[in-house]
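Below is one structure, written out as structure tokens; comments come after it.
The values are calculated or read from the model by the stated rules, or taken from the named source; none is laboratory data. The model shown is predicted, which means the values in this text are computed figures rather than measured ones. All Cβ positions, even for glycine, are placed from backbone atoms using ideal geometry, and neighbour counts span all protein chains on display. Areas reflect the complete protein model, heavy atoms only, side chains present, ligands, DNA and RNA absent. Shrake-Rupley method; radii C 1.70, N 1.55, O 1.52, S 1.80 Å.
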Amino acid sequence: MAKFLPKIIDRIENSPVTFWFWLASFSAIIIIRILIENWLEGFRSRSGLFIFYEFTHTFLFFLIAYLLFLWILKRILSADFRKISNVLLWGYLIILTPPIADYIISHGKGFWSFYEFDGLKGLITRFFTFFGSTPEIGVTYGVRIEVAIAILFIGLYSFLKSKNILKSLFLFLLSYLVFFVLGTFPSWITIAVKGFSKGFLAVTDVDVAQMFLTPARIFSREIPDIVSTLNIKMSLVYSLVLIGIVLLGVFFDWKNRFLAFLKNARFPQLIYHGGLLMVGMGLAVIFTDSWITFNFFNVSSFLVLLSSIFCAWLASVVINDIQDKDIDKITNQTRPLATGTFTLEEYKTIGWILFLVSILFSAIVNFKIALLLLVYQAIAWLYSCWPLRLKRFAFVSTFVSAIASLLILFSGFILVSPEQNIKGLPFSIVALLVIGYTLALPIKDFKDVEGDKKNGVYTVPVLFGEQWGKIIVGAGIFLSFVLSVILFNEPRLFWWALFFGGLAFWIIINKSINPRRLPWWILGVVVLYGMIMMKVVFL
């Protein structure tokens, strides 16, 4: 047995598993776990919405646990990343057992398995008593059996790899600590959120239940029942935790690649997309008589949605870079594909991950917004990829980009609007944004003139030359400022529009300004004018 077990572990470690096979296997385990739970409950009537949030809650919980143990084992055992990942994936079959164990122990009645709710003092007691004395609810018998087996498995695996009993004991205790924090996570969040006002030692299990189990309103969404409330709220929390874990892990383990990708993110566009989201939210407040309540879950929803939009943009960057790799070798030689920082297959995988995260996280916040971001990605594909590759045609490309930008603004409006639609958004604003975006977005093309020309991409500077191209684009942006006065029928904006429109025109035709810096300069001018316009027109 002493020789047989290491051979089994070695075969598991060296299994040929690609990322996509891993994702499919991991997702399959989660789906089967959910199926078992519902089967043992007799497949009682559940809405599609409930099933979706049960999946996201379960998926994110176990994914976070997986990544934490992957990082811990890799660091402490100094073992290969892929080998540990394979072992953990096989070990995850254990998560199928808790509902079955609870069903057997309860003689078919079942237990309500979720988390342990308690205050700080109670959590300390529960830590030293293996989750406390209430295994019929919260961390149930089945979950405790699962945790015990998992801890023993991790301790045994670490001993087989390190042959060090102290290291194995340390990993054994650390594993229990991780499981305990995850099994009581809502309690820690409640203590952190309410502790400052109520006192950290004064927070009780009742406070935790009030925060996570009571029906709530998150922006314009009503969450009526207890179980759905817990699933949705924890899905939001785990989305943010997952983002933090992934960013930290990638930074520490693949720092150079992470920084190269981050440098390629086009920060003016990230700020622009975040600004569109917030403008949409602000317009919903103005035109639908709604209000934004600043509480923990509203802030969490906003951050999750903002992350989704950033991921959508970054996914479109990946698509564009893949299609423009020949152009970038001429005009953008520092981009990740041009430098060889990523292989083409690695870059494609990153793009798919960003796309999936964008859709999943936005769906957790609002299904309508997820649909808008799906359309956003479809537009990004038509913009960059053959056979249409709409970016080749001047003003057609920017009109398409304008529609994509409008979808982000709609997302913010829908998030806040009481009816979760855009009926209250005035057409004049939509028209101004489409025209303004169409005329202004060609400023990003001045840095790529040489590469675009050689690859048949007919942008404004390619068609008209750099000097006349700047005059045309500058005049278009100036016209956008003037149109704001007409569309809003607001004479008080006239002189402001002339001033800021003229300033934008001067910035664009100024030869001393690096074309790569033009988006930053114009973004600043638009923000200043937008602030004045909001005060004059809406306040």
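Between beta-carbons, use under 13 Å as the cut-off and find the net charge around Glu13, counting Lys and Arg +1, Asp and Glu -1.
Here the charged neighbours net out to +4.
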**Complete:** Excluding residues fewer than 8 positions from Lys194 in its own chain, the lysines with Cα under 26 Å of it are Lys121, Lys233
**Item:** Heavy-atom accessible surface of segment 171-302: percent carbon and sulfur, 1.4 Å
**Value:** 74 percent
**Message:** Please list 3J(HN,Hα) in residue order for segment 514-526, calculated via the Karplus relation 6.51 cos²θ - 1.76 cosθ + 1.60 where θ = phi - 60°; whole Hz, with x for glycine and proline.
**Reply:** 4, x, 6, 9, 4, x, 5, 5, 5, 4, x, 5, 5
**Carbon + sulfur, % of accessible area of segment 414-539 - ligands and nucleic acids excluded, 1.4 Å** = 69 percent
**Fill in**
Counting only protein heavy atoms and rolling a 1.4 Å probe, one gets per residue an accessible area for the chain in Å² of 48 Å²
**Asked** Rounded if a/c is under 1.5, else prolate if a/b beats b/c, else oblate: with a ≥ b ≥ c from the C-alpha gyration tensor eigenvalues square-rooted, which is segment 15-135?
**Response** oblate
**Other-chain or far-sequence residues with amide H under 5 Å of Ile218's (modelled H)** = Ile223
**Request:** Send over the per residue convex hull volume for segment 143-279, Cα only, as a whole number of Å³.
**Result:** 179 Å³
**Prompt:** Does segment 47-110 come out rounded, prolate or oblate by the C-alpha gyration tensor, with a ≥ b ≥ c the root eigenvalues, rounded set by a/c under 1.5 and, if not, prolate when a/b is larger than b/c and oblate if not?
**Reply:** oblate
**Item:** segment 223-341: radius of gyration and largest Cα-Cα distance (Dmax), Å
**Value:** 18.3, 57
**Asked** Within straight cross-link reach of Lys511, meaning Cα distance under 18 Å, which lysines are found once same-chain residues fewer than 8 apart are removed?
**Response** Lys444, Lys447, Lys470
**Inter-part distance where segment 316-333 and segment 1-78 are each reduced to a Cα centre, Å** = 36 Å
**Request:** Report the local net charge at Ser301: Lys and Arg +1, Asp and Glu -1, summed over other residues whose C-beta lies under 14 Å from its C-beta.
**Result:** +3
**Asked** ³J(HN,Hα) across segment 240-249 via Karplus (A = 6.51, B = -1.76, C = 1.60, θ = phi - 60°), whole Hz, x for Gly/Pro?
**Response** 5, 4, 4, 4, x, 5, 5, 4, 5, x
**Request:** Restrict the search to segment 1-83; then list the GluC sites (Glu not before Pro) that DSSP places in a loop and that have at most 14 other Cβ atoms within 10 Å of their Cβ.
**Result:** Glu41
**Prompt:** Among rounded, prolate and oblate, which fits segment 323-409 when a ≥ b ≥ c are the square roots of the eigenvalues of its C-alpha gyration tensor, a/c under 1.5 means rounded, and a/b larger than b/c means prolate?
**Reply:** oblate
**Complete:** Counting only protein heavy atoms and leaving out ligands, DNA and RNA, the solvent-accessible surface of Phe21 at a 1.4 Å probe, in Å² to the nearest 10, equals 140 Å²
**Fill in**
Computed, not fitted: 222 nm per-residue ellipticity of the chain from DSSP H runs ≥ 4 (each -39500 (n - 2.57)), nearest 500, equal to -24000 deg cm²/dmol
**Prompt:** With θ set to phi - 60° and the Karplus curve 6.51 cos²θ - 1.76 cosθ + 1.60, what are the ³J(HN,Hα) couplings of segment 403-415 in order, to the nearest whole Hz, using x for Gly and Pro?
**Reply:** 5, 4, 5, 4, 5, 5, 4, 4, 4, x, 5, 5, 4
